[in-house]
Amino acid sequence: MTYEQLVPVIRRLALEAGERIMEIYNSDDFEVKVKSDDSPVTEADEAADAIISAGLRAAFPDIMLVTEEQAASHSTTGDTFLIVDPLDGTKEFIHRRGDFTVNIALVEDGVPTRGVVYAPAKGRMFYTLADGQSVEEDGPFDKDRPGNLRPIHVSTPDNDALMVVASKSHLTDETKDYIAKYRVKDFKSAGSSLKFCLVASGEADLYPRVGRTMEWDTAAGHAVLLGAGGQVVRFDDHTPLTYGKDGYANPYFIAYAPGVELKEA
């Protein structure tokens, strides 16, 4: 598999999954179940997962696949793997707030090197090109032919007036306390992996996450941010956030434009 082969496939699968998600989102009603960890799952999560998993396994049968909705994949280990969250922001989806995304990423030696984040209700799609540069594609989206692509890059932050983005559904007191260490010009809340993309596109400077996440929640957005010149580090010691960890669970982390002067936890 080459990056030139990978990128068109994950872009197309994200669009196909997003189309099915929106069909369910716009229906009169949809089923919501509760998983063993008490998190919600909808028929849209499951339908999107089926589309993406089948497509990835057909295109790249020799590459390990980890996906949120298939518990058996959570016990697999490897240095190179595809990792999927078919619908990140399920709570946003259930409440019809629109801040949900489709996420597909490739991890190599602990680093998410390529990825796509598609927000179908927002009409925004971010991904890394084969050469590693991150772009936002302008809609309307054709599954087989990319439209206008705009390279994106992180901001040059003003540490006396930072733009901060944080979780809409998981804004903890610890997160608020950490944000209070900075001089903040504006604060915005966003759901799902869109927060990484807002930093990647220069719409925000800093995204701290002092709360539970899994690698499938973050890998695609992390890849997009890296391709736009940004960084993601552990909250505790500011070392790079890595992937392939035990159980695919993340520590707390900070995503940021490199000009931000990070504060200690």
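The values are calculated or read from the model by the stated rules, or taken from the named source; none is laboratory data. Here the structure is a predicted model, which is why all the values come from computation and not from measurement. With ideal geometry, Cβ positions are generated from the backbone for all residues, glycine too; neighbour counts draw on all protein chains shown.
Observations
- Some residue of region 63-75 being touching a Lys or Arg at 6+ places or on another chain (Cβ under 7 Å) and among the hydrophobic types (A, V, I, L, M, F, W, C): yes
- Taken over region 93-138, the residue count meeting the criterion of being part of a loop (DSSP other than H, G, I, E, B), closer than 17 Å to D217 by Cα, in contact with a strand residue (DSSP E or B) (Cβ under 8 Å, 6 or more places away or on another chain) and modelled with pLDDT of 95 or more is 1.
- Meets criteria (closer than 24 Å to G98 by Cβ and outside the structural domain of Q133 (by TED's automatic domain parsing)) for Y207: yes
- Lone qualifier among F196, F187 - being in the same structural domain as D217 (by TED's automatic domain parsing), aromatic (F, W, Y) and in contact with a Gly (Cβ under 6 Å, 6 or more places away or on another chain): F196
- Cβ pairs under 6 Å, 6+ apart, first in region 211-230 and not assigned by TED's automatic domain parsing to the domain that holds V102, second surrounded by fewer than 24 Cβ atoms within 10 Å (Cβ to Cβ) and at pLDDT below 95: G211/H170; G211/T172
- Against the test of being within 19 Å of the chain's Cα centre (by Cα) and over 29 Å from G132 (Cα atoms), the options V84, V41 yield a single qualifying residue, V41.
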